[in-house]
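Before any comments, here is the structure.
The values are calculated or read from the model by the stated rules, or taken from the named source; none is laboratory data. This structure is a prediction, so every number in the text was calculated from the model and none was measured. Here the Cβ positions follow ideal geometry from the backbone for every residue, glycine too, while neighbour counts run over all protein chains shown. When the accessible area is computed, the model is the full protein with side chains, heavy atoms only, and any ligands, DNA or RNA have been set aside. Shrake-Rupley method; radii C 1.70, N 1.55, O 1.52, S 1.80 Å.
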Amino acid sequence: MPPSNPTLRVRIAPSPTGPLHIGTARTALFNFLHARHEGGTFLFRLEDTDVARSTEAYERDILEGLHWLGITWDEGPDVTGDGDIGPFAPYRQMQRLDDYAKAAAQLLAKERAYPCYCTPDELDADRKAQEAAKLPPRYVGRCAHLTADERAQREAEGRRGALRFRVREGVVAWDDLVRDRIEIDTVNLGGDFVIVRGDGTPLYHFTVVVDDAAMRISHVIRGEDHVSNTPKHILLFEALGLGVPRFGHLPLILNPDGSKMSKRKTQTAVADYRAQGFLEEALVNYFAFLGWSPGSGDDVLTMDDLIERFDITKVQKGGARFDRERLEWLNGQWIRRLHDDDLIDRLRPFLQAAADDGRLDRMPADDELRALLPVIRERLPTLASVIDLVGFLWIDRIPLDTGLLVPKRWDAATTRDGLAAARDTLAAHDGVTWEAEELEPPLRTLVEQRGWKAGDLFMAIRVATTGLTATPPLFDTLVALGRDRTLARIDAAIEALGDATPVGS
């Protein structure tokens, strides 16, 4: 279906030098939402000129990660890796080198760029001198006005000239979609900057401008950290005689402490969250709130809801703190929305992985999972947490920590006596069914007869049967275990406590 607003074209252009980052996913989402809301076109382009660090594995992670999130593009690489889709192919920069060479030649012909033969040692000496003088780093212009003979001499010496863009004097200004009017004096840009390395490899500032123009990008929506790059890009658009797109700079995503997001303090790879059992719907929902709000107080929004409500002019200027607890809460909300069969399908890979690596002794059947859903659905912050929550159901022999087995108000002997009495009470239940409402009353009667606290006995039973101090409701847990396994596990716990005698007996 053709776009209803064909002049609005936005893009996401990641570098495949690492896995799909939360920041990249959020930026892709905002571009996607803007395009879909306005009836425009969303384009994907790979900026792969950093050959040393770019890998096919990272490219695959980015492509598949965005598609998993439901962020699909109208133009760009086919997610299967089989060619490109769209009229401006190729969408990989290393396949567009001829375009950059032509644009570079154009700038040279206009004398808006020039070859720079400065050696690394010369540039390093310049930087050190500026640091000593407490001046900001800036290219000194050593090669800016070389004559043809001087250039020829350097070429004869074997120097390979990089290409520097000649920065004009004055102020560069634009009306930012998010930050309103921004004006930056070119004196603050660090002087003339390199756009093509000496080996002929084009650099980011140059390629992004050439590509955005060639692909008719109308709106460049990217992170706040690019604000300082935008004047350079506007200057390049102007020098090449190209139309300048609109720019919008999204707020930074911050660590919980307000610092810039870093791998040291926050997990940043989308794949890690997927592996932990966060739903794609929940991640998209949460990423949308990292810098934007619908203004209605609604928390749980589908992709269709987001497309309908998204307004780029309502994006906030201040940084957005990444709150994992909030994400887990939202993920739990989405888990509760899933139909039973869908939830089982999504849980199955996590259970299978646990069975494969030995954390579980067997893989539960779908019917077992379906019976547990009323008990666990409200208690799952992530899909992977099902292992910690009820994995004890599919372990043949649970590990027992006698330190946890003994309640705080009891000693080991009292615990052994309490478990033995509870075991006899449960064993005496000869009903046809083994249901929670049938198991609880006789154990509460036992507690009253012995003068115990119900919490103490129930905690001892919980640890004895699951190995854990926190589980779904105790009697639902015993039902899930079944009569034989419940009694066998209590027997094992009694044996683990040895021959202790209750105090006072």
I'm trying to understand the selection: among the residues of the range 430-482, which are polar (S, T, N, Q) and within 19 Å of residue 374 (Cβ to Cβ)?
433, 466, 471, 477
Candidates 433, 425, 445 - the one that is among the β-branched types (Val, Ile, Thr), surrounded by fewer than 20 Cβ atoms within 10 Å (Cβ to Cβ), farther than 15 Å from residue 495 by Cα and in contact with a helix residue (DSSP H, G or I) (Cβ under 7 Å, 6 or more places away or on another chain):
425
Subset of the range 135-152, residues over 37 Å from the mean Cα position of the chain (by Cα) and either of a type in the set (A, V, I, L, M, F, W, C) or in a loop (DSSP other than H, G, I, E, B) (or both), comes to 135, 139, 140, 141, 142, 143, 144, 145, 146, 147, 148, 152
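Are any residues in the range 91-103 buried (at least 20 other Cβ atoms within 10 Å of the Cβ) and assigned to a helix (DSSP H, G or I), and if so, which ones?
Residues satisfying the conditions are 93, 100, 103.
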Considering residues that are free of Cβ contacts under 8 Å to residues at least 60 places away in the same chain, charged (D, E, K, R) and assigned to a helix (DSSP H, G or I), the number found within the range 405-448 is 6
Every residue from the range 483-501 that is at pLDDT 95 or above, open to solvent by less than 40 Å² (accessible area, probe 1.4 Å) and small (Gly, Ala, Ser)
492, 493
From the list 155, 111, 131, 169, exactly one residue is more than 30 Å from residue 20 (Cβ to Cβ), open to solvent by 80 Å² or more (accessible area, probe 1.4 Å), without any contact (Cβ under 8 Å) to a residue 40 or more places away in the chain and part of a loop (DSSP other than H, G, I, E, B). Which is it?
169
Residue selected from the range 449-489 under the condition within 24 Å of residue 380 (Cα to Cα) and assigned to a loop (DSSP other than H, G, I, E, B), by the criterion farthest from the chain's Cα centre (by Cα)
482
Counted residues in the range 355-378 being out of contact with any Phe, Trp or Tyr (no Cβ under 8 Å at 6 or more places or on another chain), open to solvent by less than 80 Å² (accessible area, probe 1.4 Å) and in a helix (DSSP H, G or I) come to 9
Can you report the number of residues in the range 309-342 which are part of a loop (DSSP other than H, G, I, E, B), open to solvent by 60 Å² or more (accessible area, probe 1.4 Å) and within 19 Å of residue 28 (Cβ to Cβ)?
1
Determine whether the range 1-9 contains at least one residue that is under 24 Å from residue 210 (Cα atoms), at pLDDT below 95 and touching a strand residue (DSSP E or B) at 6+ places or on another chain (Cβ under 6 Å).
yes
Among the numbered criteria (1) free of Cβ contacts under 8 Å to residues at least 60 places away in the same chain; (2) open to solvent by 50 Å² or more (accessible area, probe 1.4 Å); (3) under 21 Å from residue 247 (Cα atoms), which one does residue 35 miss?
(2)
Those residues of the range 79-90 which are surrounded by fewer than 14 Cβ atoms within 10 Å (Cβ to Cβ) and over 15 Å from residue 41 (Cα atoms), in sequence order:
80, 81, 82, 83
In the range 7-60, the residues that are over 16 Å from residue 222 (Cβ atoms) and assigned to a helix (DSSP H, G or I)
36, 37, 38, 56, 57, 58, 59, 60
Given (1) open to solvent by 80 Å² or more (accessible area, probe 1.4 Å); (2) under 27 Å from residue 378 (Cβ atoms); (3) assigned to a loop (DSSP other than H, G, I, E, B), index of the condition residue 300 fails:
(1)
Residue among 195, 217, 182 that is touching a residue at least 60 places away in the same chain (Cβ under 8 Å), assigned to a strand (DSSP E or B) and among the hydrophobic types (A, V, I, L, M, F, W, C)
195
Test each condition in (1) in a loop (DSSP other than H, G, I, E, B); (2) more than 19 Å from residue 27 (Cα to Cα); (3) open to solvent by less than 30 Å² (accessible area, probe 1.4 Å) for residue 266 and report the one that comes out false.
(2)
If we keep just the residues of the range 379-411 that are under 19 Å from residue 455 (Cβ atoms) and crowded, with 18+ Cβ neighbours inside 10 Å, which is farthest from the chain's Cα centre (by Cα)?
410
Residue ID - nearest to residue 34 (Cα to Cα), chosen from residues in the range 314-366 that are touching an Asp or Glu at 6+ places or on another chain (Cβ under 7 Å) and among the aliphatic types (A, V, I, L, M)
330
